[in-house]
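S.K.: If you scroll down you'll find the structure; I have some questions about it.
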Amino acid sequence: MARCREESIEPPTAGRCDRIVGAAPQEAEESLTALTCSQASYIGRRPAAAG
């Protein structure tokens, strides 16, 4: 609340905070999945070691 007053912005409602916090686990899972898939794709494209 103090930060909102300092920056002259309206603080989010309790319901809005609940929605933001509630969405965080799904957003984190989607981000992790995308990162993992992009790394797996990169690993699959690496050329074989010369032997």
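S.K.: Could you check the spin-label model distance between Arg19 and Thr36? Points 7 Å from the Cα along Cα→Cβ, value in nm.
M.R.: In this crude label model, Arg19 to Thr36 measures out at 2.9 nm.
S.K.: Here's a follow-up. To the nearest 10 square angstrom, what accessible area does Ser8 show with a 1.4 Å probe?
M.R.: Its accessible surface works out to 100 Å², give or take rounding.
S.K.: Right, here's the next one. When all protein chains stay in place, what accessible area (Å², nearest 10, 1.4 Å probe) is found for Cys17?
M.R.: Its accessible surface works out to 50 Å², give or take rounding.
The values are calculated or read from the model by the stated rules, or taken from the named source; none is laboratory data. Bear in mind that the values here come from a model prediction, so they are computed numbers and not experimental data. Counting neighbours? That spans all protein chains shown, and the Cβs are built from the backbone with ideal geometry, glycine included. SASA here: full protein model, heavy atoms, side chains in, ligands and nucleic acids out. Shrake-Rupley method; radii C 1.70, N 1.55, O 1.52, S 1.80 Å.
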